[in-house]
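Have a look at the structure below, then the notes.
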Amino acid sequence: EGNRMSLPKEPGVYFIEREEYERLARVNWSTLKHIGRRPAHYNAALLTPFSDTDAMKKGRASHLAVFEPDQFRAKCVGWEGKVRRGNDWDAFVDKWPDSEILTPAMYDDARAIGEAVRNHPVAQRFITGGKGEVTVLWDFEGPDFKVPCKSRLDFVADCEVLVDLKTTKHAGPEAFGRQCASMEYHVQAAFYRRAYKVATGRELPYY
């Protein structure tokens with residue numbers, strides 16, 4: 001209960017663990033986007049228990065490899081076993097309680113993504129300095145309403161830009177363009193830019 005009392009409540013920028021972020025009772029983009037289909041889908045997203053997936057684990061590892069490579073090396077470990085069950089698996093989980101446990105393929109993919117992005121001549125200047133996994137608490141205000149919101153920004157760069165990392169199966173302009181439209185990345189960008197502006201007073205470009 002003591003830890004629950006320590007969660008931030010006031011609008012602002014915070015650096016907290018994802019588990020703490022998930023416990024904050026505020027509206028976020030990953031659930032709000034479902035309301036575009038119909039309110040029932042949004043309600044279902046709110047009521048559905050969280051289920052971690054390999055895709056989510058690989059995504060988190062890739063983010064660390066790109067934005068915080070030291071944290072990637074410290075927090076991510078590869079499981080060499082054939083199946084993720086049994087006594088050997090349980091012992092491995094107990095040995096690495098605070099780590100992101102990945103299959104060898106997931107670990108190698110995340111590391112390769114990190115190396116590719118960090119060595120890219122254009123991307124380098126946006127990720128060389130800054131803070132990753134930035135929590136922003138803010139209020140979306142209208143003429144007669146106020147909605148408490150939260151956003152988890154991938155990276156706020158020292159060069160004064162907001163950086164978001166997306167993975168894709170096809171990086172061609174047409175294919176990725178379709179993914180951007182179908183996943184509504186442009187709406188997410190607007191949501192995050194507004195979050196940061198409301199919380200800090202600064203409107204930053206979004207890459």
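The values are calculated or read from the model by the stated rules, or taken from the named source; none is laboratory data. Because the structure is a prediction, the values reported are computed rather than measured. Cβ coordinates were reconstructed from backbone atoms using ideal geometry, including for glycine residues, and neighbour counts include every protein chain displayed. Each accessible area value is taken on the protein alone, full model and side chains, heavy atoms only, with ligands, DNA and RNA left out. Shrake-Rupley method; radii C 1.70, N 1.55, O 1.52, S 1.80 Å.
Observations on the structure shown:
- Of all residues assigned to the range 53-75, at least one qualifies as being at pLDDT 90 or above, in a loop (DSSP other than H, G, I, E, B) and open to solvent by less than 60 Å² (accessible area, probe 1.4 Å).
- Any hit, the range 37-44, residues being open to solvent by less than 90 Å² (accessible area, probe 1.4 Å) and in contact (Cβ under 8 Å) with a residue 24 or more places away in the chain: no
- Selection status of Phe155, among the aromatic types (Phe, Trp, Tyr), within 28 Å of Glu19 (Cα to Cα) and either free of Cβ contacts under 8 Å to residues at least 40 places away in the same chain or open to solvent by 20 Å² or more (accessible area, probe 1.4 Å) (or both): no
- Count of residues meeting criterion [in contact with a Cys (Cβ under 8 Å, 6 or more places away or on another chain) and either closer than 20 Å to Lys166 by Cβ or β-branched (Val, Ile, Thr) (or both)] in the range 66-100: 1
- The range 23-52, subset in a helix (DSSP H, G or I) and basic (Lys, Arg), residue nearest to Ala123 (Cα to Cα): Lys33
- Matching residues in the range 110-136 - criterion: being aliphatic (A, V, I, L, M) and out of contact with any Ser or Thr (no Cβ under 8 Å at 6 or more places or on another chain): Ala112, Ala116, Val117, Val122, Ala123, Ile127, Val134
- Phe176 satisfies every condition listed in (1) without any contact (Cβ under 8 Å) to a residue 12 or more places away in the chain; (2) surrounded by fewer than 14 Cβ atoms within 10 Å (Cβ to Cβ); (3) of a type in the set (A, V, I, L, M, F, W, C) except (2).
- When residues of the range 132-147 are limited to those that are out of contact with any strand residue (DSSP E or B) (no Cβ under 6 Å at 6 or more places or on another chain), open to solvent by 30 Å² or more (accessible area, probe 1.4 Å) and not charged (D, E, K, R), the one nearest to Glu19 (Cα to Cα): Phe145
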